Amino acid sequence: MPPLTIKPPGPVLDIAKQLEHAGFSTWCVGGAVRDALLGHAHLDWDLATAATPDQVRRIFGHRRTIPIGIEFGTVGVLDRRETLHEVTTFRRDVTTDGRHATVEFGGTIDEDLARRDLTINAMAYHPVTGELRDPFGGLDDIERRMVRAVGNPRERMSED
């Protein structure tokens, strides 16, 4: 596998920097991180942050944000080219009935990653510092060409 080269697009980096400057930890997450590690282009970059939806809307202004999933902690932020980027508040599971988890906002990037389906999707890249968070061994699984669930596979897949 080639050395780690993850380069989020400029507008994604700008959004992350603004959130970080406001004091909110912000990470690139999901398929874009996985695809970048595989050397594939990815156009849809998602961000996870410690900022709540209201805080994101205050930072970027109501004209540049769209409440696309407030109940899930997700706000769309429009860049200068009017491209929409999803910014979601860190979430953690509180309880689960095996099918649906009850979540709350807050927590840490690691708690947020613990909610994801597969280890290869449970990695986060900090676009400002360059740190890769991989608490479930997703990078090793990519190198081994292995697909594993985060936690109990039956429970995880029934939630998705």
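The values are calculated or read from the model by the stated rules, or taken from the named source; none is laboratory data. This one's a predicted model, so the numbers in the text were calculated from it and none came from an experiment. When we count neighbours, we look across all protein chains shown, and the Cβ atoms used for this are built from the backbone with ideal geometry, even at glycine.
Given (1) on the phi > 0 side of the Ramachandran plot; (2) at pLDDT 95 or above; (3) of a type outside the set (Val, Ile, Thr); (4) in contact with a helix residue (DSSP H, G or I) (Cβ under 7 Å, 6 or more places away or on another chain), identify the lone condition not met by ALA51.
Unmet for ALA51, out of (1) on the phi > 0 side of the Ramachandran plot; (2) at pLDDT 95 or above; (3) of a type outside the set (Val, Ile, Thr); (4) in contact with a helix residue (DSSP H, G or I) (Cβ under 7 Å, 6 or more places away or on another chain): (1).
Could you look through region 142-160, keep only residues that are of a type in the set (A, V, I, L, M, F, W, C) and modelled with pLDDT of 75 or more, and pick out the one that is surrounded by the most Cβ atoms within 10 Å (Cβ to Cβ)?
VAL150
For region 76-92, which positions are touching a residue at least 40 places away in the same chain (Cβ under 8 Å), in contact with a strand residue (DSSP E or B) (Cβ under 9 Å, 6 or more places away or on another chain) and either not aromatic (Phe, Trp, Tyr) or not in a loop (DSSP other than H, G, I, E, B) (or both)?
VAL77, ASP79, HIS85, GLU86, VAL87, THR88, THR89, listed by residue number.
Can you tell me which condition ILE59 does not meet? The list is (1) buried (at least 19 other Cβ atoms within 10 Å of the Cβ); (2) within 14 Å of the chain's Cα centre (by Cα), and all the others hold.
Exception for ILE59: condition (2).
Given (1) β-branched (Val, Ile, Thr); (2) modelled with pLDDT of 95 or more; (3) in contact with a Pro (Cβ under 6 Å, 6 or more places away or on another chain), where does ILE70 come up short, assuming only one miss?
Among (1) β-branched (Val, Ile, Thr); (2) modelled with pLDDT of 95 or more; (3) in contact with a Pro (Cβ under 6 Å, 6 or more places away or on another chain), the lone unmet condition for ILE70 is (2).
Scan region 31-56 residue by residue and report those that are farther than 18 Å from GLY10 by Cα and buried (at least 23 other Cβ atoms within 10 Å of the Cβ).
ALA51, VAL56
Can you tell me which residue in region 84-118 is modelled with the highest pLDDT, limited to those that are of a type in the set (Gly, Ala, Ser) and surrounded by 14 or more Cβ atoms within 10 Å (Cβ to Cβ)?
It comes out as ALA114.
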